[in-house]
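Accompanying notes for the structure given below.
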Amino acid sequence: MSAPTTAASAANATPKRARERVFSGIQPSGAPHIGNYLGAIRHWVAEQDIFDNIYCVVDLHAITVPQDPGELRENVRQLAATLLACGLDPQRSALFVQSHVHEHAELAWLLNCVTPMGWLNRMTQFKTKAGDDRETVSAGLYDYPVLMAADILLYQTDAVPVGDDQRQHVELTRDIANSFNARFGETFVEPRALIREVGARIMALDDPAKKMSKSGADTSYIALLDPPEVIRKKIARATTDSQRTIVFDESRPGIFNLLTIYQLLVGQSREQIEAEFAGKGYKEFKAALTEGLVATLTPIQQRYNQLVADPAELDRLLAGGAERVRPISHATLAQVQQRMGLR
Ligand code: AQP
């Protein structure tokens, strides 16, 4: 086919915007935790006036591993309420559920057909998640990065604010966009990952060699909805080491991770924090960390309780978010179909 490859046609797909557009998603695959908050959600909230914001509860990603249907339905609502409780403002950010906008799945299929297997074979998250079960996990888990590319490219996204674990997937998205544009004509914006230096990878409390994850053991994460007593117990049990000093030393991953969480919660420099705990022990530090977590999470939990008390309003907000983004996803999908010869 003779695809136009001019800058004008790219501009067609991506009219000039006053603000850069960000897109990011979060899986309703369990309780959202402090790693999700510190690595991603708090930035989404803080930067709502800087960007044109699109945020998504990615239920199609969650089903790449087995989910109980009733629980999944519940998790989607809970996660949406948690994001709003954290401060996502539906006036300033479009918040919706991925499966409510059918273009995500459709574009993923089209991109599947232009993505080499070799690119997916290199994805480290699949290797970690599949482990020794490569033959039995779903094809969806293997294909997860292509669905993520579709999510991002559908909205002609400029930047993707994510934790460090998603860096490779955003790189793959760029590669897919680039090769599609070269083959079919300028169609997609090539997005960049927006990854912060501190907090981009919060580690598990029970094993600081692994990232904190929703699918980890209950004691490995602080859930955003954990009550104070649960937080206290989890922090008390968190892995440290046999040394006594409270210092930011990367060769001591347990205490380094806890200090990083503390630093992000209180907003002080490493020097200030080391001075605060000079001559003190883990007990005092863990008490202060617990206090910081409770102070951050209590107002979020209060807003969450108000939001879930009105499920109809929550559904209305999510439907409104989907309505807002549909014209963009519709236009991009139509253009991709046209470029590929399907229309
Ligand atoms: N430990 C983490 N530290 C910093 N950022 C993190 N993120 C996730 N874990 C950490 C960031 O949170 C956003 C939403 O992630 P997600 O829930 O969609 O996917 P995930 O990265 O796979 O999260 P989990 O918690 O590990 O879920 P499961 O166990 O279900 O796979 C993303 O921006 C992510 O980078």
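The values are calculated or read from the model by the stated rules, or taken from the named source; none is laboratory data. Computed from a predicted model, the values in this text were never measured in an experiment. FYI the Cβ positions are ideal-geometry reconstructions off the backbone, even for glycines, and counts take in every protein chain you see. Accessible surface areas use protein heavy atoms only, side chains included; no ligands, DNA or RNA. Shrake-Rupley method; radii C 1.70, N 1.55, O 1.52, S 1.80 Å.
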Dipole of the chain, Cα-centred, from +1 at each Lys and Arg C-beta and -1 at each Asp and Glu C-beta, to the nearest 20 debye? 300
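Could you look at the stretch 190-343 and say what percent of its accessible area is carbon and sulfur, using a 1.4 Å probe and all protein chains?
On the way: 4160 of 8040 Å².
Of the solvent-accessible surface of the stretch 190-343, carbon and sulfur hold 52 percent.
Relative to the Cα centre, what is the charge dipole magnitude of the stretch 136-248, using +1 at the beta carbon of each Lys and Arg, -1 at the beta carbon of each Asp and Glu, and rounding to the nearest 20 debye? Kindly include the intermediate steps, with their values, before the conclusion.
Details: 14 positive and 16 negative charges, 89 e Å.
With Lys and Arg at +1 and Asp and Glu at -1, about 420 debye.
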Please go through the stretch 78-141 and write out the GluC sites (Glu not before Pro) that DSSP classes as loop and that have at most 15 other C-beta atoms within 10 Å. GLU135
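Can you give the relative contact order of the chain as a percent, counting alpha carbon pairs under 8 Å and 6+ residues apart? Could you put the intermediate results ahead of the total?
Details: 512 pairs, mean separation 80.7, N = 343.
The normalised contact order for the chain reaches 24 percent.
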I'd like to know which of TYR144, LEU224, LEU154 lies farthest towards the positive end of the charge dipole of the stretch 141-255, counting +1 on Cβ of Lys and Arg and -1 on Cβ of Asp and Glu. LEU224
Amide H contacts of ALA204 (H built 1.01 Å from N, under 5 Å, at least 5 apart or other chain): LYS210, LYS211, MET212
Provide the per residue accessible area, probe 1.4 Å, for the chain, rounded to a whole number of square angstrom. 47
Rounded to the nearest 10 degrees, what's the angle between the helix 103-112 long axis and the longest principal axis of the chain, both from Cα atoms, 0 to 90? 80
Which is farthest toward the positive dipole end of the chain among ILE261, VAL114, THR296, measuring Cα position about the Cα centre, with Cβ charges +1 (Lys, Arg) and -1 (Asp, Glu)? VAL114
Output the 0 to 90 degree angle, nearest 10, between the alpha-carbon long axis of helix 311-340 and the longest principal axis computed from the alpha carbons of the chain. 40
Collect residues whose amide H, placed 1.01 Å from N in the peptide plane, falls under 5 Å from the amide H of VAL160; neighbours closer than 5 in sequence don't count. ARG192, ALA193, LEU194
Summing -39500 (n - 2.57) over every DSSP H run of at least 4 in the chain, dividing by its residue total and rounding to the nearest 500, the 222 nm mean residue ellipticity is -16500 deg cm²/dmol
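Could you give the size of the charge dipole of the stretch 18-150 about its Cα centre, using +1 on the Cβ of each K and R and -1 on the Cβ of each D and E, expressed in debye and rounded to the nearest 20?
Details: 10 positive and 15 negative charges, 52 e Å.
For this selection, approximately 240 debye.
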Within-13-Å neighbourhood charge of PRO28 [Cβ basis; K, R +1; D, E -1]: -1
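With the Cα gyration tensor of the stretch 45-192 in hand, give its eigenvalues times 5 under a square root as the equivalent ellipsoid semi-axes, listed largest first in whole angstrom. Working shown, then result.
Numbers: eigenvalues 119, 94, 37 Å².
Equivalent ellipsoid semi-axes, largest first: 24, 22, 14 Å.
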Computed over the chain: longest principal axis from alpha-carbon atoms vs helix 253-266 long axis, angle to nearest 10 degrees, is 80
